[in-house]
Every structure is written in structure tokens, then in C-alpha cells.
There are 4 protein chains.
Amino acid sequence: MSEVTELRDKLRTFSAERDWDQYHSPKNLASALVVEAAELLEPFQWLTEDQSRALPPGTAEAVRMEMADVLIYLIRLADKLDVDLMQAARDKIASNALRYPTEKAKGIARKYTEL
Amino acid sequence: MSEVTELRDKLRTFSAERDWDQYHSPKNLASALVVEAAELLEPFQWLTEDQSRALPPGTAEAVRMEMADVLIYLIRLADKLDVDLMQAARDKIASNALRYPTEKAKGIARKYTEL
Amino acid sequence: MSEVTELRDKLRTFSAERDWDQYHSPKNLASALVVEAAELLEPFQWLTEDQSRALPPGTAEAVRMEMADVLIYLIRLADKLDVDLMQAARDKIASNALRYPTEKAKGIARKYTEL
Amino acid sequence: MSEVTELRDKLRTFSAERDWDQYHSPKNLASALVVEAAELLEPFQWLTEDQSRALPPGTAEAVRMEMADVLIYLIRLADKLDVDLMQAARDKIASNALRYPTEKAKGIARKYTEL
């Protein structure tokens, strides 16, 4: 069993034991996920990019736990929507490879994401 | 090699080939992650919870691709911050188990997350 | 002087007195704004739509303060980017009126926002 | 009548004419607001702070329209929750003045917002 499947099963049990599935509609899980993603952004908001590469230990651990929360809600949402997360990521990378050919995209990430 | 490590390596190559590491500071990756999480929320925003459980195929596929984007930036950020994502999630679940004991948390998720 | 201009000036003074302008680049203010918007979403995430229409007093006050934070960062960002917020909103409403003609958009908001 | 009240009334009419109030629960409006805030962040995500201070005209106009969207949903939410937005901001600024006394907060914004 893969690590992701193992986490999915742990989270299923965790939620079932607490009768929390009633709250875990895809709509609500998508909301919870963006809330956690923003909590992950918060400690970075006033830092320079360089400072963000060298977090003090307390902040680093808090960021690690926020990353865990994002992954947890992402796995829960994937479970509810019957999505194979790892396959989805592989498909997206393949599609991005076509969208951003190396010669054209080289060093101009912004051009492709900017308005 | 685990699936996550495999994806991490693919993304490293993808970014290196395009000279994109210069943009991928933790601060910027955390911003990109919340942007993708919000794109994932967007198709749900006017739906009822019940509708969110039964997405039309086109929406379901778009949602699957947004989930992939969230995972991709999460793996990139974990790589830059030297975080073992799967271990972080296991640690967070263990900590949540102490924080929300089954008897107390049963069916009252809201009480524990509400202001 | 309009209420928004008055707030803008109060916030300018507040920031200047604390030497905070150095942190208030448009990029950072846009990050802070999404962080506050997510904090505003948090108390709603597990509620039903009906529950969200009848918040308990403590939650209602917390939500009011999060709305204030969103407005504060929006006004700061508008100040830094030289945007007239009220005019921008009037322009956007005029553009939405063309994009969503009443006969076509009636009762089908979702169709126009969904993927 | 203040500018905000005028916008609130315009938006009420806009929504009523399209039968959109059925979608505008506080929960849904809070979701829409964070989605728009993230769209506002998107053009900044790969920029340096300096670049964010000097946007090309096309990006600047797109950012202005995203700021309008944030304000529009904020005013709608305030209307639904019976919140006086301007008063809320004034109350929050007063409370922040107590929380961040000028002598202590001078030039160390981060200390007060960091984890």
C-alpha cells in the first residue's frame, strides 16, 4: 500500500471515529484547504524572499505543520471525489510539459503566469 | 523510491530545465499554493454541499487538475524547505488525535474549529 | 473628504508612525489581504449556508473584525497602487452589467462562474 | 448618502434583477471573497517586491479590477451580515493602536505577525 493510501485510510478512521464525515462535503473541504493554505502563507507575508529561505526553527516547525494540514485536507478531498492524487499530479506535469516547452519557457516563468 | 519522492524529482528536473528555480523561493511558492487552492475552491463557491458531491464530468476533471496544482506546489515547497511531507502529515494526525479525543469531539467538529 | 479617503489617511499615519511602509510592498499587501480573507472564511467553513445567516454574537463580532482587516489591507494596497477603489468598483459593476444581461443571467449565477 | 451605501444599493439591485440572492449566503460570499483575493495575488506571485511597485499598464488595470471584485463581495457580505464596514475598520484601527504601541512596534512589524 502506498504512503498516500495509508494516510487516506488513517484519515477515514479519524473522521469516522468523530462523526465528522457530515461536515466533510467537497465544498467544505475545499474551503478548509484554502484556509490552511493561507495559514501557511501567513508567516511568509512580511518576509523577503531571502528570509523565507532561512526560517528560524520555531517558524520552520509551524510551517511544517501547516503544510501537513494542507496535505491532510487535500487527501480527504481526493478521497471524497475519488481522485488518485499522484496520478493527477503526473497527468498535470505531462500537460505542463506541452504547455511550457523548455526552449520557450526558459527563465521567463513570469511571462506564462502573468496576466 | 516512494511516489512523492518520484514526483519531487520530476518537478526538480522540470524547474531546472526552465531556469525557474530563481522564482521558487518558499515565499513565492506559498503564494502560488494559496492561489491554486483558491482556484480549486472557485467551482464550488455557489454550489450547495449536495451539488458539490456530484460534480458534472467537466467540472470534476477541472477540479482534479486544480488538486494536482496544489500538490505540485506543496511538493516543491517541501523540497525547498527540506520537509518530509508524509512524515509531517503523520505527525499532525498524531497531534490532532490528542487535541480532539474521540469522546469529546464526536459530532461537534464545529465547536473545535469555530472562533 | 470621503470616508475611504479618511481611512486611507489614518492608515498612512498608522504605518508611518511604526516604520511599516518598508513591509508594505504591493506584493506583500496582496498576500496579507488573502490571508485575512481566509481568516474571514474560517468560521464559515463547517457551517451550513443557513447557519451562516445566523451567527452567534461572538462569531459575528469576530467576522466583523476580519472584514475590517480585509478592508484595511485593500485600502493600503489601493493607496500604494494609486487606485480609486470606489471608482474601480463602479467600473466593474458597469462591466458586469454588460457581461451578465438580466434576461440571460436570471437565476443561473452558477452557469456564469462555473468552470 | 455615503459612497459605500451607494455601492451597496447598486449591488442589491444588480443581484435582485438576476435572482442571485439565493446564492449569496454569507458562507458563499466569504468563499467568493477569498477566491477574488487570490486572483488579486496571482499577478504578484512571481514578481519581486520592487517589480510589484511598478506594474506594466495591462497588469495594473487587471489588478484594479480584481481589487474591485474584492470590494464588491466585501460590501455584499457586509450587507447580508448587517455590518457597517467603515465603522468596523475604524474600530479595528483603534484596537490595533492599543495592540501595537508605536514605541514597541517601530520597524519590527514581523515580530508581531510572525508565528
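Numbers below:
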item	result
Where Cα atoms sit under 22 Å apart: lysine pairs in the range D:16-115 separated by 8 or more or lying on different chains	5
Neighbouring partner chain Cβ atoms per residue of C:7-16, average, 10 Å criterion	2
Cα centre as origin, Lys/Arg/Asp/Glu Cβ charges: the protein assembly as shown dipole, Debye	0
Computed [θ] at 222 nm, deg cm²/dmol, the protein assembly as shown (DSSP H ≥ 4; -39,500 (n - 2.57); rounded to nearest 500)	-22500 deg cm²/dmol
Virtual spin-label span in nm between B:Arg53 and C:Gln51, 7 Å along Cα→Cβ	1.6
Sulfur and carbon atoms: percent of accessible area, chain A [1.4 Å]	50
Charge dipole (chain D, unit charges on Cβ, about Cα centre) - positive-most of D:Ala62, D:Pro26, D:Ala89	D:Ala89
7 Å along Cα→Cβ, label-point gaps from D:Gln51 to other copies, nm, shortest first	2.1, 3.7, 4.3
Interface burial for B against A (accessible surface, 1.4 Å probe, total of both chains, Å², rounded to 100)	6300
Using a 7 Å Cα-to-Cβ projection, D:Gly107 label spacings across copies, nm, ascending	3.7, 5.8, 6.4
Gyration tensor verdict on chain C (Cα atoms; rounded if a/c is under 1.5, prolate if a/b is larger than b/c, oblate otherwise)	oblate
Per-residue mean of C-beta atoms belonging to partner chains within 10 Å, peptide D:48-58	4
Average accessible area per residue (Å²) across chain D - probe 1.4 Å, nucleic acids and ligands excluded	41
Beta carbon of chain D nearest to the axis of the rotation taking D to B, residue and angstrom distance	D:Ala38, 2
Rounded to 10°, Cα long-axis angle of helix A:85-99 versus longest principal axis of chain A	20
Ordering of B:25-31, B:92-98 by burial proxy (mean other Cβ atoms within 10 Å per residue, highest first)	B:25-31, B:92-98
Degrees separating the helix A:57-81 axis from the principal Cα axis of chain A, which is the longest one	70
Chain D, dipole about Cα centre (Lys/Arg Cβ +1, Asp/Glu Cβ -1), debye to the nearest 20	580
Stokes-Einstein D in µm²/s, Kirkwood radius over Cα pairs - the protein assembly as shown at 4 °C with 1.567 mPa s viscosity	57
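The values are calculated or read from the model by the stated rules, or taken from the named source; none is laboratory data. This one's a predicted model, so the numbers in the text were calculated from it and none came from an experiment. As a convention, Cβ positions derive from the backbone with ideal geometry for all residues, glycine included, and neighbour counts pool all protein chains shown. Only protein heavy atoms, including side chains, enter the accessible area calculation; ligands, DNA and RNA are left aside. Shrake-Rupley method; radii C 1.70, N 1.55, O 1.52, S 1.80 Å.
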